[in-house]
Amino acid sequence: MKTHKELHSESLADPVHFWGKQAERIHWNKKPQEILSQDEKGFYRWFEDGELNTCYNALDIHIENGRGSQRALTYDSPVTGTIAHFTYQQLHEKVSKLAGGLQSLGIGKGDTVLIYMPMIPEAVMAMLACARIGAIHSVVFGGFAAHEVAIRINDAKPKAIITATSGIEIDRIIPYKPLLDKAIDKAEHKPGYVVVFNRNFGAENSVRPRDIDFDQLVAKSIAVDCLPVKATDPLYILYTSGTTGTPKGIIRDNGGHAVALHFSMEHIYGLQPGEVFWAASDVGWVVGHSYIVYAPLLYGCTSILFEGKPIKTPDASTFWRVIAEHKVNVMFTAPTAIRAIKKEDPEGLHIQKHQVTNSLRYQFLAGERCDAATLQWLQEKLNIPVIDHWWQTESGWPMLANLMGSENPPPVKVGSASFPVPGYDLHILREDGQKATANEEGLVCVKLPLPPGCLPTLWQNDLRFQRGYLEQFPGYYFSGDGGFIDDDGYVYITGRVDDIINVAGHRLSTAEMEEVVAHHPNVSECAVIGAADELKGQIPFAFVVVKNTSIDSDALKKELIAQVREKIGPVAAFKTIVVAERLPKTRSGKIMRKLLRSIVDGEKYTIPGTIDDPDIPAEIEQLISIKKPIN
Ligand code: COA
Ligand code: AMP
């Protein structure tokens, strides 16, 4: 086995050789000769002349190799009291029939299909069925409102949408289908069909002429084989928050994605095919795409699909029960989930009771910054390596990690997500593009080319890709995060340097929230910032200046909260608003968001000389004592 350093050096010294070798691990209908190339726009492409099918690599190949009777997917749903297992053979049958059903609706290669579903096996089947016939899926997270879904419908222009009647949030039934119908009503683009999986929870399902029943479609359809596509053809579009109100459609290609994810399962997560992997996330996020669906299946593991929360479903023992019951070998979750568990079970009694480490070897954390106390608590209670690793929707797989599948992984340093993963030539740059020195904070960038699996561009928006990621520092990809590298080469991520915040591991745009708030007829000015939160890491915190000071400010706050829920969704957790007389601004008229953030977080702040009015309004000064949601 090679060390992390050796693998990383090899990957940068000769990327073509390195990734060419890795590509031999997957099945190609046409083996790529052109490992790395640049297209006419100058964007890098991996395995350009190769052809493959991702679904074939995720299902069929394992059946051919004798894994047909191995569990591919275990569905564990404490909210419905269900546990169901699907072998590779069973999942293959469902997926290939659903793929046939989609084909019968006229969906084929290059068509887009939007998936708006809760955490049920049919969501995984829908994704794989699209991949099987070369259609491009776009999964939208269930916690988004109809307006957000409509934006994505207009951008992705799906021929069909696959949904379910409802989801469950702890003990509340969330009607998905009516919300989707509302989104379609709002959208300019109209899909031809809506395939609805009926969960039979109640009468919330009003049927429209375009609706097709999921089960009936599968039952009457003929299984179809995989259609080979080009390595560079898109497998999916995943919308993520950008620094403006319009989300960005991250494209994932087929070839690079399969190669990178396969590599990550062996070298980052240190797994063997046949083992059990659990990413406690949602299929609506990149973690769900990569590590609930594609990577475990591409690698021949069993993946856990968990429909529940770390607490309250029914309590803080759930995670440990799932690990013990399904013999999970490696797990991945967000620090927020661990913070929630720690709050309910500070002694970790549930961990002991379930003897988690009978099977669990490593616990990975990502999705947001991990505070030292949470990592150390988990490390102490589990007594196995707890590894913070860093990545983004854009990369699709880890960029910084401690490789558990390498020789002698170095010790974890609390606060650091360890080292650049093979393929990533990561640097900390100053604003002027010069390299920062050791321990100097700067902007986290990756020298091009990015490794396979990372976004090649944005969906039908090369210009935004160029401007958002490549233009700041020519020759580099700019991640949007700040950070530094210590004397030993460990990298520390200090947080976003833009308008993106991370609420309970969910990526959201404050600019988008500002757009909604500013739209209110009584708001003359506003600023939304990310405030530190003990449980969720960050929560949105709004400052509002009103036009008419005689209005009832509590009523206004309630209206604004309702509007953000209505336009963006409950997942934004938008609850805290301060009505201020004015906002601190620079002489050039820019709202000083950084200053507001420091005040809210109770950090020391200085009034810069450039500020127009150094007199901070009292209601902002007093924030620390009133930093509480109003409902
Ligand atoms: N469908 C519909 N609504 C959803 C949803 C979904 N898939 N996911 C979240 N929501 C809603 C919730 O019901 C809640 O609505 P409410 O304001 O009406 O109560 C709101 O969005 C916020 O949800 P959530 O972020 O889950 O907060 P919570 O307070 O209900 O639970 C935690 C707190 C810590 C238990 C929860 O945030 C959690 O499990 N965090 C870990 C998240 C995670 O794993 N992220 C990984 C991404 S990689
Ligand atoms: P997403 O695209 O939703 O995966 O969110 C990506 C962003 O989450 C990154 O750009 C970081 O700001 C943050 N993030 C993810 N993982 C970590 C981590 N381990 N440490 C610090 N920040 C993280």
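Quick note: the coordinates plus some simple rules give every number you see, no bench work behind them. As the structure is a prediction and not an experimental result, all values here were calculated from the model. In this analysis, Cβ positions are derived from the backbone assuming ideal geometry, glycine residues included, and neighbour counts consider all displayed protein chains.
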| message | At 7 Å along Cα-to-Cβ for each site, give me the label-to-label distance between residue 498 and residue 29 in nm. | response | 3.5
| Calculated from backbone phi, Karplus (6.51, -1.76, 1.60) coupling profile of the range 399-407 in Hz, x at Gly/Pro | 9, 10, 6, 9, 6, 6, x, 9, 5
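For the chain, what does -39500 (n - 2.57) per DSSP helix run (n ≥ 4), summed and divided by total residues, give at 222 nm, in deg cm²/dmol to the nearest 500? Before the final figure, lay out the partial values.
Working: 20 runs with 178 residues, N = 631.
Result for the chain: -8000 deg cm²/dmol, rounded to the nearest 500.
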| Between the range 272-325 and the range 84-109, how many Å separate their Cα centres? | 21
| field | Amide hydrogen neighbours beyond the local backbone of residue 302, cut-off 5 Å, H modeled | value | 274, 275, 276, 277
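Please figure out what share of the DSSP beta bridges in the chain is antiparallel and state it in percent, rounded to the nearest 5.
Working: 59 of 96 bridges.
Antiparallel bridges make up about 60 percent of those DSSP assigns within the chain.
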| For the range 506-580 and the range 1-60, distance of Cα centres in Å | 45
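Tell me, in nm to one decimal, what length is gained between residue 550 and residue 414 on full extension, where the rule is 0.36 nm per residue of separation less the Cα-Cα distance? Working shown, then result.
Values: separation 136, 0.36 × 136 = 48.96 nm, distance 5.04 nm.
43.9 nm is the gain from fully extending residue 550 to residue 414.
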| note | Sorted by chain and then number, the residues having a modelled amide H within less than 5 Å of the amide H of residue 503, at least 5 places away or on another chain, are 508
| query | How far apart, in nm, are two points set 7 Å out from the Cα along the Cα-to-Cβ line at residue 466 and at residue 380? | reply | 5.4
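As a footprinting exposure proxy, order 512, 368, 347 by other Cβ within 10 Å, with the fewest listed first.
Ordered from fewest to most neighbouring Cβ atoms within 10 Å, 512, 368, 347 come out as 347, 368, 512.
In what sequence do 588, 281, 264 fall when counting other Cβ within 10 Å, fewest first? Don't skip to the answer; put the middle values down first.
Working: 588 7, 281 24, 264 28.
Fewest-to-most ranking of 588, 281, 264: 588, 281, 264.
Could you compute the FRET efficiency for residue 594 and residue 182, with r as their C-beta to C-beta distance and R0 at 56 Å, rounded to 0.05? Spell out each step's value before the answer.
On the way: r = 37 Å, r/R0 = 0.67.
That pair, residue 594 with residue 182, gives E of 0.90.
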| said: If I model a spin label at residue 437 and residue 93 as a point 7 Å from the Cα along the Cα→Cβ vector, what separation in nanometres do I get? | reply: 6.7
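Using Cα pairs under 8 angstrom and six or more residues apart, how large is the relative contact order of the chain, in percent? Numbers along the way, then the final one.
Working: 1383 pairs, mean separation 77.5, N = 631.
So the answer I get is 12 percent.
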| said: Using a 10 Å cut-off around each Cβ, can you sort 1, 119 from fewest to most neighbouring Cβ atoms? | reply: 1, 119
| request: Amide H neighbours of residue 309 under 5 Å, at least 5 residues apart or on other chains, H built in the peptide plane: list them. | output: none
